[in-house]
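The values are calculated or read from the model by the stated rules, or taken from the named source; none is laboratory data. From a predicted model like this one, the values you see are computed outputs, not experimental measurements. Ideal geometry is used to build each Cβ from the backbone, glycine not excepted, and the neighbour counts take in all protein chains shown.
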């Protein structure tokens, strides 16, 4: 019987790849991750899942390791750091099932300021909504705000231009960097660009939207040289609604 889908609570950073390994500064090296299903069965596939990993030097600098899929549900977390010291490695399993990302987490608020607790939360596979004068949350037609959050990846290391067509304003962050800043604007078409340094690496994303009165709509599109020669709706295949820490994450790595 084949294993089920990966489960973060049983998946782990392989201890022997850390505790019996000598890590050196300015040298490319890696640790191993083993993905398992909810019944503690090792996965058998090469790839199909995405991990979000950070390496924190405890002094304000966070490095982003590369994730390389191996056979039998294993992944290499590949990194180079410039200084000796203790680093905190965090590894998270991104949402979705094998070969199927799920979109972004949408949190809908009954006010224009993303204030308090959301009235409604759900995973939206794409951001392309034409509400018109109809209900946005099931109960709210006007004076609504929404935050879609999660992770985004790109198939190529390149600059992508993002376009948000919205009524009313919007704001876009990628990797905690403000890319579009028009949250308090009226209806319009807003653009901003972000450069992805590594293909298939996950970056945090948040798209915020604000509706005042009357018509309401929002569409989130992307264009780039290699990945999206024609402007396209940002696809579900590049979006993840969240990520969960592996069983033994975080873990300390000592570099000499």
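Restricting attention to the range 17-53, the residues that are surrounded by 16 or more Cβ atoms within 10 Å (Cβ to Cβ) and part of a strand (DSSP E or B) add up to 12. Which count do you get for residues in the range 189-217 that are surrounded by fewer than 15 Cβ atoms within 10 Å (Cβ to Cβ) and at positive phi? Of the residues in that region, 1 qualify.
Of all positions in the range 133-144, at least one carries a residue that is modelled with pLDDT under 95 and at positive phi. Taken over the range 138-157, the criterion of being surrounded by fewer than 16 Cβ atoms within 10 Å (Cβ to Cβ) and touching a residue at least 24 places away in the same chain (Cβ under 8 Å) is satisfied by 139, 142, 143, 155, 156, 157.
Picking from 182, 128, which residue would you name as being touching a strand residue (DSSP E or B) at 6+ places or on another chain (Cβ under 6 Å) and in contact (Cβ under 8 Å) with a residue 40 or more places away in the chain?
Details: 182 fails: in contact (Cβ under 8 Å) with a residue 40 or more places away in the chain.
When all the criteria are applied, what remains is 128.
Reported count of residues in the range 228-256, each being outside any loop (DSSP other than H, G, I, E, B) and in contact (Cβ under 8 Å) with a residue 12 or more places away in the chain, is 14.
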